[in-house]
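Below you'll find the structure, written out as structure tokens, and then a few comments.
Here, each number is a calculation from the coordinates, and none is a lab measurement. Fair warning: this is a prediction, and the values are worked out from it, not measured in the lab. Glycine gets a Cβ as well: all are built from the backbone with ideal geometry, and neighbour counts include every protein chain shown.
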Amino acid sequence: MMPSKPLSGPAAIAALPRNRLLGEFSLWSADLANMETDLKRIEPYVDLHHIDVADARFTPGFLFFPDFVARIAKSTAKPIHVHLMVEAEIVEEQVRQFIEAGADLVSVHAENGEAGLRAIALIKTLGAEAGVVLRLETPVSAVKPFLDQVAFVTLLGTSIGVKGQSLSEKACDRLLEARALLRDANREDQVILAADGGIREQTVPLLRAAGAQTVVLGSLAFGDKDLGSRIAWLHGLETRFQ
């Protein structure tokens, strides 16, 4: 029996809990040969699925396709967040394809510039929610033109598109800077601040303390045999910003 999806698009994102750290599960770390089994296992614990898309130009390699998202969308009641790591000239067409496939939230890179702003307008026109992402080397101030249009701001804490890296020593300070920008823009209560990359047992408390409201979990979730205890630990982490 397929799970029913009570909410989609902006309504699904608006309904995410704001009183605890969210569990955003990266399907890049799932067992792709046994995806249905992994989806059933995580369904009780996941707040939203995170699906990376890469064009092998903006990032080192290729990652997932619209057909993959469409299949996932039929197998979960939880929201789907698509992270578009693609060049500016294709970002708008990619937005169309992944929203048609079932994405509830699509995040584009601030590095896409004006094309990224057009893509965010298109995301909203097509009925989904929008987010913006920053590469580790990009100044945090680059998110400013996007802040009044997005529901998520995601900061990468490692080099883009490569798994297994350690968290940059700059990551927590960058979260603090982003939090200050959100506060100055009067968007702190409307925008979820996310940390992606370098997510380990020892780094998640640091990211949470620096203001992260969701972390993109890979092996920390999929590699844990006691997922219930792992997520209970995650939900119990405190932030200085509540």
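Laid out as a table, the results:
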quantity: Selection from the range 29-55 of residues that are touching an Asp or Glu at 6+ places or on another chain (Cβ under 8 Å) and over 21 Å from residue 207 (Cα atoms); calculated: 30, 31, 37, 38, 55
quantity: Verdict on residue 238 being in a loop (DSSP other than H, G, I, E, B) and within 19 Å of residue 17 (Cα to Cα); calculated: yes
quantity: Criterion violated by residue 231 - all others in (1) of a type outside the set (D, E, K, R); (2) under 15 Å from residue 109 (Cβ atoms); (3) in a helix (DSSP H, G or I); (4) within 18 Å of the chain's Cα centre (by Cα) satisfied; calculated: (2)
quantity: Cross-chain or 6+ apart pairs with Cβ under 9 Å, the range 193-214 first and more than 16 Å from residue 165 (Cα to Cα), then assigned to a helix (DSSP H, G or I) and β-branched (Val, Ile, Thr); calculated: 212/204
quantity: Per-region count, the range 32-76, residues over 21 Å from residue 130 (Cβ atoms) and of a type in the set (Asp, Glu); calculated: 4
quantity: Residues satisfying the stated conditions in the range 10-44, i.e. surrounded by fewer than 15 Cβ atoms within 10 Å (Cβ to Cβ) and among the hydrophobic types (A, V, I, L, M, F, W, C); calculated: 11, 14, 15, 32, 33
quantity: Test set (1) touching a strand residue (DSSP E or B) at 6+ places or on another chain (Cβ under 9 Å); (2) within 21 Å of residue 150 (Cα to Cα); (3) free of Cβ contacts under 8 Å to residues at least 40 places away in the same chain - residue 89 fails condition number; calculated: (1)
quantity: Failed condition for residue 135, given (1) of a type in the set (Lys, Arg); (2) crowded, with 18+ Cβ neighbours inside 10 Å; (3) touching a residue at least 40 places away in the same chain (Cβ under 8 Å); calculated: (3)
quantity: Long-range neighbours under 7 Å by Cβ, at least six apart or interchain, first residue over 11 Å from residue 144 (Cβ atoms) within the range 174-187, second part of a loop (DSSP other than H, G, I, E, B) and hydrophobic (A, V, I, L, M, F, W, C); calculated: 175/210; 175/212; 176/210; 179/241
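Listed here are the residues, each with its yes/no results for (1) in contact with a Leu (Cβ under 6 Å, 6 or more places away or on another chain); (2) buried (at least 17 other Cβ atoms within 10 Å of the Cβ); (3) not in a helix (DSSP H, G or I).
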| residue | (1), (2), (3) |
| --- | --- |
| 46 | no, yes, yes |
| 53 | yes, yes, yes |
| 57 | no, no, yes |
| 71 | no, no, no |
| 77 | no, no, yes |
